[in-house]
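For reference, the structure is listed below as structure tokens.
The values are calculated or read from the model by the stated rules, or taken from the named source; none is laboratory data. From a predicted model like this one, the values you see are computed outputs, not experimental measurements. Don't worry about glycine lacking a Cβ; one is built from the backbone with ideal geometry, like all the others, and counts go over all protein chains shown.
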Amino acid sequence: MLTGKLFIVPTPIGNLEDITFRAVEVLKEVNLILAEDTRTSNKLLKHYNIHTPMQSHHMHNEHKTLDTIVQRLKSGEQIALISDAGTPAISDPGFLLCRASIESGIEIECLPGATAFVPALVNSGLPNDRFVFEGFLPVKKGRQTRLNELAEESRTMVFYESPHKLLKTLSQFVSCFGPDRPISVSRELTKMYEETIRGSTSEVLAHFENKPPKGEFVLVVAGKK
């Protein structure tokens, strides 16, 4: 019986040049590309002259399309999964499809490539030999509980945040981690207006209170001493 293969393909987080030669070749050769937002991904595919058929696969439809995709993989097709930016399944859709593929005996190959938290962590100047990736905090339920738990975390912590929630999150960091906890906030990584602000939680909060947040953010917070 023929068995297909699922490729997890990282895509650039801003600069379109940040994609590997191998990733471009895989996207050209597979039978189908599953994209979080086909409009966003279409810009990347056009840039690299990739004409592979594309289908949307996002958090609102992945439960419904899972069985169909797995059946296509079982029939021998090769399918690539991409997200809008970075590595799929890292704060993006992908986990459910990977799990279903493994349960069905389908081979998975994850290519190395761009992901936002690695450059933000490395250029933060904070210890990165041991760290914990938290991604996005819960929006409402469980948010304060999670922050209270993390107040005792000794490893460097990495978070993702959107511009409209940044001030709220930084204010909560001041309350839960203290006003003097070292933090590094990177925005628009790999893009023209890339910027990293380093300081204490209170200093970085004051910076963004005076300069309205724009872009996507990665927050790197020192662990408790």
**Study point:** Selection count, the stretch 52-66, where residues are over 11 Å from L97 (Cβ atoms) and either loosely packed, with under 12 Cβ neighbours inside 10 Å or touching a Cys at 6+ places or on another chain (Cβ under 6 Å) (or both)
**Key:** 4
Check your understanding: Is it the case that the stretch 99-108 has a residue that's touching a Cys at 6+ places or on another chain (Cβ under 7 Å), at pLDDT 95 or above and either in a strand (DSSP E or B) or in the same structural domain as V158 (by TED's automatic domain parsing) (or both)?
Key -> yes
Point to revise | Unique match (being outside the structural domain of E17 (by TED's automatic domain parsing), surrounded by 20 or more Cβ atoms within 10 Å (Cβ to Cβ) and without any contact (Cβ under 8 Å) to a residue 60 or more places away in the chain) among F208, F177 | key: F177
Exercise for review: Kindly indicate which of L34, L73, L44 is in contact with a Ser or Thr (Cβ under 9 Å, 6 or more places away or on another chain), part of a strand (DSSP E or B) and hydrophobic (A, V, I, L, M, F, W, C).
Suggested key: L34
Review point. Taking the stretch 103-129 as the search range and keeping residues that are over 20 Å from S200 (Cα atoms) and free of Cβ contacts under 8 Å to residues at least 40 places away in the same chain, which one is surrounded by the most Cβ atoms within 10 Å (Cβ to Cβ)?
Key: V118
Check your understanding: Do you know which residues across the stretch 22-57 are of a type in the set (A, V, I, L, M) and free of Cβ contacts under 8 Å to residues at least 60 places away in the same chain?
Key -> V24, L27, V30, L32, I33, A35, L44, L45, I50, M54
Check your understanding: Does the stretch 1-31 hold any residues that are in a loop (DSSP other than H, G, I, E, B) and within 11 Å of L81 (Cβ to Cβ), and which are they?
Key -> V9, P10, V30
Exercise for review: Test P182 against the stated conditions and say whether it is in contact with a strand residue (DSSP E or B) (Cβ under 7 Å, 6 or more places away or on another chain), surrounded by 14 or more Cβ atoms within 10 Å (Cβ to Cβ) and at pLDDT 95 or above.
Suggested key: yes
Check your understanding: Looking only at residues in the stretch 132-168 that are without any contact (Cβ under 8 Å) to a residue 60 or more places away in the chain and buried (at least 18 other Cβ atoms within 10 Å of the Cβ), which one is farthest from P212 (Cα to Cα)?
Key -> L150
